[in-house]
Amino acid sequence: NFPYSTKGVALQVMGSGNIATYTLVNSDEYNEILNDCYVVIHSRGLLLSVLPATKYSNISLNLLNAPAGILHFALYHKSGKILSDRLWYHHKARGGVIDLAVHDYTGSNVREMRPISLNYSNNYGESADLSVTVVNTGQGHIDTGLGGIEAYQLLTSDLMGYIETPGYYFSDKNENRISDLDALLLTQGWSKFNVESILNESFSIFNDYYM
């Protein structure tokens, strides 16, 4: 049984770019308890770090090689309990540039094929797996508030509850999107899988989720 109410421990996370810093703030009753705790950090099941809990210390992590999206910080006690957790979004620079070119068409048949070339490049010489969707913008309204595949893969699929206009957090036109996204993650819970059960190895081997 752990203390609660005015007695507890908080996991604070701040950062910018590829650096995230976390701090543990606790009441005196948790001084000894923290000796048996670890801070577990993962991104959608990909384990990034497991470090012993340290009171009041600002622990900085270099996330240059971590994927973009939600990172889940969890303060885990050896008894199997998560005492505190925090969601934080890693704003990683987009991987590359896509150039789309429509070549000149001189045919007389409007239904003949028209060649289009697609080129992807980045600063690291990496390739990319891409998909293409063709839509007639004159026949339907594209809802930019939904944010497309990026918002689904990196945000809404990892959170509990309904997220209104997730595309807002991915548009450079919105000056407050980063701070607003942080506020969103302070109120939404992690939904992908039960981290406690995985850390305690009380999950089925047939479960699709992993850590």
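The values are calculated or read from the model by the stated rules, or taken from the named source; none is laboratory data. Source: prediction; values computed, not measured. Reconstructed Cβ throughout: ideal geometry from the backbone, glycine too, with neighbour counts over all protein chains shown. To get the accessible areas, we keep the full protein, side chains included, count just its heavy atoms, and leave off ligands, DNA and RNA. Shrake-Rupley method; radii C 1.70, N 1.55, O 1.52, S 1.80 Å.
Given 0.36 nm per residue, what is the gain on full extension from residue 186 to residue 123 after removing their alpha carbon distance, in nm? Let's see the in-between values first.
Values: separation 63, 0.36 × 63 = 22.68 nm, distance 3.39 nm.
Using 0.36 nm per residue and subtracting the Cα-Cα distance, I get 19.3 nm.
Other residues whose C-beta falls under 14 angstrom from the C-beta of residue 186 contribute a net charge of -2, scoring Lys and Arg +1 and Asp and Glu -1.
Near residue 53, the amide H atoms lying under 5 Å from its own belong to 37, 38, 39; only residues 5 or more places off or on other chains count, and H is placed 1.01 Å from N. Taking the Cβ-Cβ separation of residue 56 and residue 130 as r and a Förster radius of 30 Å, what is the calculated FRET efficiency to the nearest 0.05? Step by step, r from the Cβ atoms, then E = 0.05. Based on protein heavy atoms only, the chain ends up with 67 Å² per residue of surface accessible to a 1.4 Å probe.
Which percent of the accessible area of the chain is formed by carbon and sulfur heavy atoms (probe 1.4 angstrom)?
Values: 7050 of 14170 Å².
Taking all protein chains in place, the chain shows 50 percent carbon and sulfur surface.
For residue 63, the residues 5 or more places off, or on other chains, whose built amide H falls under 5 Å of its own are 19, 20.
Rounded to the nearest whole Hz, the Karplus-based 3J(HN,Hα) values (6.51 cos²θ - 1.76 cosθ + 1.60, θ = phi - 60°) of segment 39-55 follow the sequence 9, 9, 10, 9, 10, 6, x, 7, 6, 9, 6, 9, 10, x, 5, 9, 5, with x at glycine and proline.
Once the other residues with Cβ under 14 Å from the Cβ of residue 118 are scored (Lys, Arg +1; Asp, Glu -1), what is the net sum? Display every interim value, and only then the final one.
Values: positive: 114; negative: 99, 129.
Neighbourhood net charge equals -1.
Taking 0.36 nm per intervening residue step and subtracting the Cα-Cα distance, what contour gain separates residue 65 from residue 172 on full extension?
Numbers: separation 107, 0.36 × 107 = 38.52 nm, distance 2.33 nm.
Taking residue 65 through residue 172 to full extension adds about 36.2 nm, to one decimal.
Enter the angle in degrees (range 0 to 90, nearest 10) between the Cα long axis of helix 177-187 and the first principal axis of the Cα atoms of the chain, meaning the one along which they spread out most. In the chain, helix 177-187 runs at an angle near 50 degrees to the longest axis. For segment 127-136, 3J(HN,Hα) computed residue by residue from phi via the Karplus equation (6.51, -1.76, 1.60; θ = phi - 60°) reads 8, 9, 9, 10, 10, 10, 10, 10, 10, 9 Hz, glycine and proline entered as x. Between residue 196 and residue 18, the distance separating the two model label sites (each 7 Å from Cα on the Cα→Cβ line) works out to 3.6 nm. Taking amide H as placed 1.01 Å from N in the peptide plane, the amide H of residue 90 sits under 5 Å from that of 69, 70, 71, each at least 5 places away or on another chain. Excluding same-chain neighbours fewer than eight residues apart, the lysines reachable from residue 81 by a Cα-Cα span under 25 Å are 7, 55, 192. Sorted largest first, the principal axis extents computed over the alpha-carbon atoms of the chain equal 81, 41, 34 Å.
How high is the FRET efficiency from residue 47 to residue 103, r the C-beta distance, R0 35 Å, rounded to 0.05?
Values: r = 47 Å, r/R0 = 1.33.
So the FRET efficiency works out to roughly 0.15.
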